[in-house]
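The next block holds one structure in the form of structure tokens; read it before the comments.
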Amino acid sequence: MTREMIIAGFGGQGVMAMGKTLIEAGLKEGYNVSWVPSYGPEMRGGTANCSVVISDEPIGSPVVTQPTELIAMNGPSLSRFEPLVEPGGLILVNSSQVENPSCRHDVRCYLVPCMEEAGKLGNFRVANMVMLGAYIKATGAVRMDTIKEMLGAIFYGPKAHLVALNIRALEAGAKYAE
Amino acid sequence: MQKELWKGNEAIAEAAIRAGCRAYFGYPITPQNEIPEYMSKHMPKAGGVFVQAESEIAAINMVYGASATGVRAMTSSSSPGISLKQEGISYLVGANLPAVIVNMMRGGPGLGTIQPGQADYFQATRSPGHGDGHMIVLAPSGIQEAADLIRDAFELADKYLTPVMLLADGMIGQMMEPIIWKETSPLPEVDKPWAADGRDGDGKTHFVSSLRLESDVNERFVLSLKDRYAKIARDEVRYKSIGCENADLVIAAFGTTARIAQSAARKLDEEGLKVGLFRPITLWPFPYDALAEIAARDSVKAVLTVEMNLGQMHEDVRLAICGSKPTPFYGRTGGMVPEPRHIADKVRDILREMEL
């Protein structure tokens, strides 16, 4: 199976980090993975996106133009990429930052209020982890435990307390994709 | 050995340090900035020299100076910056100096676009600058291969006393993929008896120059290059052919475009169309004979060239095939990365037309 994803949002929302986290988890679980960032001038303050491929086959094109899965962290990203998603695909929308979110009817769609959930946890910076939790729950692309193990390697020493916060964010997001 | 995730540009820089490069000179340009950034951090730790030069021209001439002392030296840039370096590359050729130059191509001409492109094929393969010179040109299609080829580039540069270019594009530079570091030890030191390395005032003075005022002396030098190039063309050609046995059609593509073409070929295979991929790894010397042999097979109806330019490697494909089979072309320009489905559509069209 080949998952071809686009993850898009404002610069600073952790869009690139979400993609990198997913491919690292995918690699740990033995998949072939690739990650390509958008690197245009839009990165400065505007929208940013990355193409992620997770597959049990060798990866040909790393560029995703017809995603099977889309994570849209803001309105402009949803407008831009929603029409490209393969019929039967999956769209996750950060409903905190999209006014009147609605999705195509031929795809699976989850609305995830990432900012509200991150706000409840006291740190807006984990909004992307809320979304990642929802994505993993919705797809099973990688195991939640793999991500949790990785957190321990990312946050240690004085930052060790962030592991628990990020796990709570993942779990908060997962509830929206049940 | 464990697989690690590396960004293309950073893997290239790390591979150079691991291979024994100890002098890097560069000037920033998208999409290869992570190379100088990585070098600035890690080259000093390896005991080497990092200089952010005042221009691309200064950087390539610093490479000349460092290489003349016998050290393994490298620079990197992207298309417009490589144009600036051409004078210096010609001087490297003229002075028999080894060097590695990375071109992370973007779309041109002029400042063009910062997105991936492949339109510097002619510039790289026809002549690295003015004069009767060539350089070896290596084209990776993924990050593992880019890292492996950087090591080979330093080895080839020392072996043939020539600049070697790693010709990739913004996609390879920017993407992340898992790789394995296969070689852990630096390349063996090479004796460079010609190097202008001081030697404490002892022995004969070494003068590393490309100036030969007497024309017959210059001609003898150029003829010696010709012999060297013939040897390189004989011994160093590299390519990959995938699924070309009994193929109805063969796609010729290099670098990023080759892996996209491979996706297209896989898609077509599911429809029962046999599509092979011929991927030159050395763009100079081009694998003419290997492609000619594949194209001559009875099953092959046509060889389709796909590139991110308007038909540059296409010329080499046509030279290899010499009109014995049709050689259609599909090209997009910088940033308009071809999609597998568009390549597949083109293949179907070609095969349909040929049946009529």
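Every read-out reported here was derived from the displayed coordinates using simple, explicitly stated rules and does not represent laboratory data. A quick note: this is a predicted structure, and the numbers were derived from the prediction, not measured. Because the Cβ atoms are built from the backbone with ideal geometry, glycine has one as well, and the counts that use them run over all protein chains shown.
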- Note on the structure: Here, B:GLU189 and B:CYS322, labelled 7 Å along Cα→Cβ, have an inter-label distance in nm of 4.9
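Taking R0 as 45 Å, what's the FRET efficiency between B:GLU236 and B:LEU213 from their Cβ-Cβ distance, rounded to 0.05? Display every interim value, and only then the final one.
Details: r = 32 Å, r/R0 = 0.72.
The formula returns an efficiency of 0.90 here.
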- Item | Hydrodynamic radius (Kirkwood) for chain B, which is based on Cα pairs only, to one decimal in Å | 20.9
- Message: Just want the answer: with Cβ charges of +1 for Lys and Arg and -1 for Asp and Glu, which residue in B:VAL250, B:SER299, B:VAL337 is farthest toward the dipole's positive end in segment B:239-355?
- Response: B:VAL337
- Report, as a whole number in µm² per second, the diffusion coefficient that Stokes-Einstein gives for segment B:55-186 at 10 °C and 1.306 mPa s using the Kirkwood radius over alpha carbon pairs. 107
- Under the Karplus relation with 6.51, -1.76 and 1.60 and θ = phi - 60°, whole-Hz ³J(HN,Hα) for segment B:187-196, x at Gly and Pro, equal 4, x, 4, 10, 5, 10, x, 8, 5, 8
- Where does each of B:THR113, B:THR162 land when they are ranked from fewest to most other beta-carbon atoms within 10 angstrom? B:THR113, B:THR162
- Item | Using a Förster distance of 35 Å, the FRET efficiency for A:TYR156-A:GLU178 (Cβ separation, nearest 0.05) | 0.65
- Message: Taking amide H atoms as placed 1.01 Å from N in the peptide plane, list the residues 5 or more away in sequence, or in a different chain, whose amide H sits under 5 Å from that of B:LEU138.
- Response: B:MET165, B:LEU166, B:LEU167, B:LEU283
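Under a Cβ-only charge scheme (Lys and Arg +1, Asp and Glu -1), can you give me the dipole magnitude of the protein assembly as shown about the Cα centre, in debye to the nearest 20?
Values: 53 positive and 62 negative charges, 125 e Å.
For this selection, approximately 600 debye.
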- Note on the structure: Quick P(r) readout (the protein assembly as shown; Cα-Cα; 10 Å bins; whole %) gives 4, 17, 25, 24, 17, 9, 3, 1, 0
- Query: Roughly how many debye, to the nearest 20, is the charge dipole of chain B about its Cα centre, given +1 on each Lys and Arg Cβ, -1 on each Asp and Glu Cβ, and no other charges?
  - Reply: 180
- Item | Dimensions (Å) - segment A:29-156, Cα atoms, principal axes, largest first | 40, 40, 32
- Which one of A:CYS50, A:PRO113, A:TYR135 has its Cα pushed farthest toward the positive end of the charge dipole of segment A:32-178, where Lys and Arg give +1 and Asp and Glu give -1 at the Cβ? A:PRO113
- Query: Extent of segment B:132-181 along each principal axis, from alpha carbon coordinates, in Å, largest to smallest?
  - Reply: 37, 22, 11
- Note on the structure: Karplus ³J(HN,Hα) for segment A:103-117 (6.51 cos²θ - 1.76 cosθ + 1.60, θ = phi - 60°; Hz, whole; x = Gly/Pro) runs 10, 4, 8, 9, 10, 7, 9, 10, 9, 10, x, 4, 5, 4, 5
- Message: Quick query: amide H of B:LEU304 versus all other amide H atoms, modeled in the peptide plane; which residues come in under 5 Å with a sequence gap of 5 or more or a different chain?
- Response: B:VAL250, B:ILE251, B:ALA252
- About its Cα centre, what dipole magnitude does segment A:8-103 give when the only charges are +1 on Lys and Arg Cβ and -1 on Asp and Glu Cβ, stated in debye to the nearest 20? 300
- Message: Can you compute the helix-only [θ] at 222 nm over chain A? Use -39500 (n - 2.57) per DSSP H run of at least 4 residues, normalise by all residues, nearest 500 deg cm²/dmol.
- Response: -11000 deg cm²/dmol
- Task: With a cut-off of at most 11 other beta carbons within 10 Å, and DSSP calling the residue loop, which GluC sites (Glu not before Pro) in segment B:1-74 qualify? Please list them.
- Result: B:GLU54
- Item | Reciprocal of mean inverse Cα separation for segment B:239-355 (Kirkwood radius, Å) | 13.7
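With a Förster radius of 25 Å, plug the Cβ-Cβ distance of B:SER55 and B:LEU111 into 1/(1 + (r/R0)^6) and report the FRET value to the nearest 0.05. Write out the running numbers ahead of the final one.
Details: r = 15 Å, r/R0 = 0.62.
After rounding to 0.05, the efficiency reads 0.95.
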- In whole Hz, with x marking every Gly and Pro, tabulate ³J(HN,Hα) for segment B:110-127 from phi via Karplus 6.51 cos²θ - 1.76 cosθ + 1.60, θ = phi - 60°. x, 6, x, 10, 8, 7, x, x, 9, 8, 9, 4, 4, 4, 6, 9, 7, 6
- Between A:SER79 and B:ASP269, the two model label points (7 Å from Cα along the beta-carbon direction) sit apart by a distance in nm of 4.2
- Residues with amide H under 5 Å from that of B:VAL49, placed H, sequence gap 5 or more: B:ALA23, B:TYR24
- Item | Along each principal axis, Cα extent of segment B:30-92, largest first, Å | 31, 30, 16
- Item | Most mobile of B:GLY94, B:GLY272, B:GLY133 in a GNM of chain B (Cα contacts under 10 Å) | B:GLY272
- Item | At most 13 other Cβ within 10 Å, DSSP loop - chymotrypsin sites (Phe, Trp or Tyr not before Pro), segment A:119-178 | A:TYR156
